[in-house]
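The values are calculated or read from the model by the stated rules, or taken from the named source; none is laboratory data. As the structure is a computational prediction, the values presented were derived from the model and not from experiment. All Cβ positions, even for glycine, are placed from backbone atoms using ideal geometry, and neighbour counts span all protein chains on display.
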Amino acid sequence: MNGCEVSEPMSSILDQIMMALEQPHINILGVYGSSNERKRNVVKKITRRIQRDKLFDEVVMASVMKKPDLQLHEKGYAFV
């Protein structure tokens, strides 16, 4: 997905993201923007769809701030 307009309906955005995630070479999703609440809602809805459709075996979510504490992330997440 090459960026969505803010005025674009949420269902359209979710459908585009889900279509992208169904591609065999896609296995990670990054969501960015200024509205934390909107990003959080989008990620929650996508996560529910992924789990419902059994698209991936596992779903991991992480929030990264502008100045991330990398040691905290290394301790909090196990990368396999």
Scan the range 13-33 for residues that are surrounded by 10 or more Cβ atoms within 10 Å (Cβ to Cβ) and aliphatic (A, V, I, L, M) and jot them down. I13, L14, I17, M18, M19, A20, L21, I26, L29, V31
Only residues that are modelled with pLDDT of 85 or more and of a type outside the set (G, A, S): list them for the range 2-25, please. L14, D15, Q16, I17, M18, M19, L21, E22, Q23, P24, H25
List the pairs whose first member sits in the range 10-34 and is farther than 15 Å from I50 by Cβ and free of Cβ contacts under 8 Å to residues at least 40 places away in the same chain, whose second member is charged (D, E, K, R) and assigned to a helix (DSSP H, G or I), and whose Cβ atoms are under 6 Å apart, counting only residues at least 6 apart or on separate chains? G33/K39
